[in-house]
């Protein structure tokens, strides 16, 4: 998108480079050590909000005719630097058993500065940073026999995150300066086994236990522009902590009804960690973990000697304490738990290839609604969202989610590719 006030800095541009290195060390006949490291920088001018089209009564701004042109008051900037390393040790205990250790470290430094209103009027700017570093350790033991394959293991995770934010509201001549630090520690133990009942049928079962602890150190307040003095009534400094645990089982049946047809049925319980609302100026605003039972059945088949492939899946997800994000005011977001939500749908995919041409298409039907939920809307007003579509969910209907892809191999000229997607905008707020 073009910025008339800064013509040499198009919004939404990218400037990325990355490097990666690996070293493999063979440890005799039964083991190896793989060392990996990487560093990347994602630069460019961020574009985070939509172009304003109309103004409220008594307010006006420059509105270029093109939808791809704006005039901002402040030059946007952004950079995201990530780097990390890992060490993977693999030891073959015997011909059927393997022990693996994976140790990893990663850190990131993400910052972006934007003109939040995307107009030439100095109204609001956001300067947001996200600093993270994390360490993880995973141990797994795998054993394979003609009838049974199983895996067991443990996982440990430690993360430190700090997010200083500066939100400037020029008309009010104030700055909001939330600064939250979150420390998270987690451990998990898991096991899964697949048993071959016959040449064509197998069953799988597994379970995972997760235990988490999170601590929040939060400070901030409202400051007057060009001064270091805070409004005493808005200043806050507190600590908070939460802990969660969960059992998440999984089971499935797989059957190869013919050499070219594969059928499966699965059921699994999922767990998404809870956390804090760091933009809130008081303790007692954590949100709970999200749980979901997922049921799926599908059929995968190939025809014409493997040149034609079709996949069909039917699924139903039953969410409890679904985590939903809502915008309250500049610099303040609220993540809360919906009582329940259901997502059901059907997906059909097909692909065919031959003589340098590949055709692929997909068609989906989706119904995703809140079953019981009262959501916070702009200004903190609580509204009923029961029956509304989930955030980021597309409208229901076969014709709304369709995709067609065409690839043509042209010999020396390479590959020509075309893609057509039919979809409608999703909702971004539960009461929108």
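Coordinate-derived values only; no laboratory data. Everything numeric here is computed off the predicted structure, so don't read it as measured data. When we count neighbours, we look across all protein chains shown, and the Cβ atoms used for this are built from the backbone with ideal geometry, even at glycine.
Calculated from the alpha-carbon coordinates, the range 160-236 shows an Rg and a Dmax of 24.9, 75 Å respectively. Here r is the Cβ-Cβ distance between residue 51 and residue 325 and R0 is 30 Å; the resulting FRET efficiency, rounded to 0.05, is 0.85.
Put one equal scatterer on each alpha carbon of the range 288-355, apply the Debye formula with no solvent term, and list log10 I(q)/I(0) at q = 0.11, 0.28, 0.29 1/Å to two decimals. Rounded to two decimals, the profile gives -0.50, -1.10, -1.13. Subtracting the Cα-Cα distance of residue 256 and residue 299 from 0.36 nm times their residue separation leaves 14.5 nm of extension gain. Counting only the Cα atoms, the range 3-81 fills a convex hull of 128 Å³ per residue. In the range 37-126 the Cα-Cα distances spread across 5 Å bins starting at 0 as 3, 11, 15, 12, 10, 8, 7, 7, 6, 5, 5, 4, 3, 2, 1, 0 percent of all pairs.
Each label was represented as a point 7 Å from its Cα along the Cα-to-Cβ direction; for residue 87 and residue 154 these points are 1.8 nm apart. Can you give me the Cα centroid spacing of the range 1-78 and the range 296-330 in angstrom? Using only Cα atoms, the two centres lie 29 Å from each other. Taking 0.36 nm per residue of separation and subtracting the current Cα-Cα distance, fully stretching the chain between residue 75 and residue 8 would add 23.1 nm. The Kirkwood hydrodynamic radius of the range 79-121, based on inverse pair distances between different Cα atoms, is 14.7 Å.
For the chain, the relative contact order is 7 percent, taking Cα pairs closer than 8 Å that sit 6 or more residues apart in sequence and dividing their mean separation by the residue count. Normalising the Debye intensity of the range 275-325 to I(0), with uniform scatterers on Cα atoms only, and taking log10 at q = 0.15, 0.19, 0.22 Å⁻¹ returns -0.63, -0.76, -0.86. Put simply, the convex hull of the Cα atoms in the chain casts, on average, a shadow of 27.2 nm². Under 17 Å from a label point set 7 Å out along the Cα-to-Cβ vector of residue 187, the amide N atoms of the range 134-161 belong to 135-140, 153-159.
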